[in-house]
Structure formats: C-alpha cells, structure tokens
Amino acid sequence: MLLIDPDFDDEVYLTLEAYDQKLSRILFDFADFKSFSTFGKLLNLLDLNEKAPSMVLFSNFKVDKKFKDGVYYKINREGLIKFRDRFIPHEDSSVIGYDVDMRKGSLNELLNGSGKPSGTEYTDSLSIERFDGATNLKIDYGEHTQLIVRHVRQGSWNEFLFNDEPKVVFDMGTAYFEKKIFVKNLVAQRDSDYQKSRPNLILSHWDIDHYHMLLEAEDETIKSFSSFIYRARIPNQTSDRVLSRFKSLNPTAIFGVSPFSASPKKSSERLIPFGKVRNGLQLYNGSENKSRNKSGLTLCFHNQNLTVVCGADLDYSQLDNFILPNYDPKHDHYLVVPHHGGLAGKLVYNTDNLTSKDAIISVGPNNYGHPLFEVKEFLKGKKFQIANLQCRSHYILNLT
C-alpha cells in the first residue's frame, strides 16, 4: 500500500508540457528533481532516481480548469491521497513515468493553485561577448552545403551539412508519445555520423518534441558535440536530465544562453541576432517571455541566392517583424514551418518581395490536426509549395 507521510511538508510542483483537450489528455512534468523526489517520498516510491522518466500523463478527466503554459502548479496532498492508486507506471517511454486515469474526476482535486518553485531563474548563462569569443559557432567548413529536415513524425530535427558531413544540428526531437525504441532507432540513424563529424548542436527551446532524442543518443554521441547551445533556464526535470548528461559527459561543450531583457516591460516578442555569422548561418535569441515558444532561439541560413528560416515554435509575427527584414527580398525563400503547421499566432508573413519556394512541415500522426487547414491555405496564398514530411522521407535542399 502507498502511504502518505503526514510530516512531509515540501511542496511538489508540476508544469504543463502538452494538452490535448479533444482527447481529455494532459501531460505534466515535475519542476525539478526536488519535486519529483518529494512526490516519490510521499507515495513511498523507492525506485525514483534522477535518470528515471518523470512526466505524468493524465487522461479521462473533467475539463473544468484552464491551464497555461509556463505556470507551475502545486500538487494537493489530499488529492494525491485520493488518486494515489491511479498512478500506474508507464511502459516503454523515455519521458513518461506514470499514467493516471482520472475516471471523469477533476484535476482541481489534485492540483492546488500555482506558485514559483525555487531554482527556476536563468543560471550558467553567457554574456554576448563571452558567447562570441567561446563559440563563434565553431564553423569553418567550406562549401557543398545542404539542409536536411529529418523525418521524425511530430517533431523537429534539422541539419546543415558541409562537404556532406552534418556540422550544425538545430533541435533533435520527436513527440512525447513515441515509444522508447522508436526514439532510440531514430537517433541511431545518426549516432555514428555525429561521432565522426562532431557537429554543433543548437536547441531552440525546452519542449520535448525538440530534444527527445538527446535522452536516447549514445554516450559517445553526447561526447562528440563540439558545442551545445541552449536556453539557460531549465523548466522541468526531463530537460535537466538532458543537461545533466552533457555536464557529465561533455561539460566544456555547454553554452547556456539567457533571453534578452524585456525591460521596461515584463515580456517581449523581440528576436535579436546573436553570435557571429559563419558560413551563412545566423542565430537569433528571443527576449524574456512567459511562453517558451516565443522566447526561444532560432537559426537562419542565407547566401547570395536564398534564405532559409527555421521557425521552431515561434509566432509568424516574430519571424515577420524581426527576421525577414534582415534578408534580401530578392532571395528564394524557404521556411521550416513553425509549430509543425499548428497554431503560431496571427498568420502574418510578408513575402511580397520574396520568391517563395518550399514551406517544410515537420509533422506526423497527431491528434492536434497538424498541419491545420488554415495554415496550409495561408502558406499556399503566400505562393509556397507545401513539403509535408508526413507524406515523404527526409527533406533535402542544396544550398549552393
């Protein structure tokens, strides 16, 4: 029997990771290992450790509460007592630790308000000057450039190849619901190649469909990255597992980047060029924003002929306002579509003076309706050709 220790008074915080309202399914992660460990102690779960999958997938609940991204929710101890027998270990996942069938119960009984756990500030981040001097993206690769948007179903994994070797990787993720063996097989496609080419890795933001494979990559692959550039604030226990792998296996490669200040406002959607341009690549840094999506990093490529914008999960208005004005309007223009063709703010994207080429949608089987009909129609209206990875294998574009 699971027993609650009545004298244990530490708070337990969860944060929202994914919400499928149609299927009454919601995914939370623990804010950090302290919350995860406290949860384990409260339920006398003796096998929890820092490498164990920690996310909790709730299903079949009554929808009577609005949930917001970036908010930390406290677990209600009485609710945990009531539903403790429904926390069932999840099988064959790199990220989900428990399934909870609420049987039409309310999540209000389990979650007790919101709050801010300690240790969620930006840490170990670099100044612009230190970033430039330390990394410069370490790129001096020559010609014969390609972009590969890899087929991962619902997720983001992009590579820039120089002389046929992957040298810059932007995101390495797939959906949270994919089985562990699927994730392992995906990254195995590139383990040996990365160990040989020693690429730079840039993570747009800490959503699981952008970093899932880093939990299953071989140790030698983690060791091989020349640099790992990521958002310095670690929002949950799963992302901390990834960073802990790098701290253990490749500590000199890690470069945490804080967002630019939104001052005097608390939140901003600005994107600002960050780091020095190398071989046509330019990194953009987001500003302080409650949304992980809007405050992320993104990467663009340009040369004398074309421009490629890797949209990550940014809003279209951010790309339109802060990226497109930096590039020659006569270029052929390629877009790795934000948010897998899902909601990404107001559909605004000024391509009037651009030659629209391909809009690449990295999507797979999902319950969100991605890519959305209105998004596809909008892109077609902007004269893009839709390249939907749900219907094909990897997308490959020669950049020279």
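No value in this document is a laboratory result; all are computed from the given coordinates. What you see is a predicted model; the values in this text were computed from it and never measured. Backbone-built Cβ (ideal geometry, glycine too); neighbour counts: all protein chains shown.
Assigning unit charges at the beta carbon (Lys, Arg +1; Asp, Glu -1) and nothing else, what dipole magnitude in debye, to the nearest 20, does the range 314-372 show about its Cα centre? Walk me through the numbers before you get to the answer.
Values: 3 positive and 6 negative charges, 22 e Å.
Using only the charged Cβ atoms, the result is roughly 100 debye.
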Options F255, N200, Q390, ranked by Cα towards positive dipole end of the range 128-398, top entry (Cβ charges): F255
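Just want the ordering: W157, W206, from fewest to most Cβ atoms lying within 10 Å of their own Cβ. Intermediate values should be presented prior to the final figure.
Details: W157 26, W206 22.
Least crowded to most crowded, the residues run W206, W157.
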Between the range 8-67 and the range 221-296, how far is it from one alpha carbon centroid to the other, in angstrom? 25
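Answer rounded, prolate or oblate for the range 13-115, using the Cα gyration tensor with square roots of eigenvalues a ≥ b ≥ c: rounded when a/c is under 1.5, else prolate when a/b is larger than b/c, else oblate. Intermediate results must be reported in sequence, preceding the final value.
Values: a/c = 1.36, a/b = 1.31, b/c = 1.04.
Rounded, because the longest to shortest axis ratio a/c is under 1.5.
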Just want the answer: with Cβ charges of +1 for Lys and Arg and -1 for Asp and Glu, which residue in L48, L107, T15 is farthest toward the dipole's positive end in the range 13-115? L107
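With both bridge residues required to lie in the chain, what share of the DSSP beta bridges run antiparallel, to the nearest 5%? Don't jump to the answer; show the numbers that get you there.
Details: 48 of 79 bridges.
DSSP beta bridges in the chain are roughly 60 percent antiparallel.
Would you mind counting up the charge near P365? Only other residues with Cβ under 14 Å from its Cβ, with Lys and Arg at +1 and Asp and Glu at -1.
Values: positive: R153, K179; negative: D20, E178, D209.
That sum, taken over residues with Cβ under 14 Å, equals -1.
Report the calculated FRET efficiency for K383 and E109 (r = Cβ-Cβ distance, R0 = 41 Å), to the nearest 0.05. All intermediate terms of the calculation are to be shown ahead of the outcome.
Details: r = 51 Å, r/R0 = 1.25.
It comes out at approximately 0.20.
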What helix-only [θ] at 222 nm does the chain give? Using -39500 (n - 2.57) per DSSP H run of at least 4, over all residues, to the nearest 500, the answer is -5000 deg cm²/dmol
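Can you tell me the length gained on complete extension of the stretch S244 to D328, counting 0.36 nm per residue apart and subtracting the Cα distance? All intermediate terms of the calculation are to be shown ahead of the outcome.
Values: separation 84, 0.36 × 84 = 30.24 nm, distance 4.08 nm.
Taking S244 through D328 to full extension adds about 26.2 nm, to one decimal.
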Give me the dipole magnitude in Debye, nearest 20, for the chain about the Cα centre, with unit charges on the beta carbon: positive for Lys and Arg, negative for Asp and Glu. 700
Compare K116, K383, K357 in a GNM of the chain, Cα atoms joined below 10 Å, and give the one with the largest fluctuation. K116
Which value, in debye to the nearest 20, gives the size of the charge dipole of the range 13-115 about its Cα centre, when Lys and Arg are +1 and Asp and Glu are -1 at the Cβ? 480
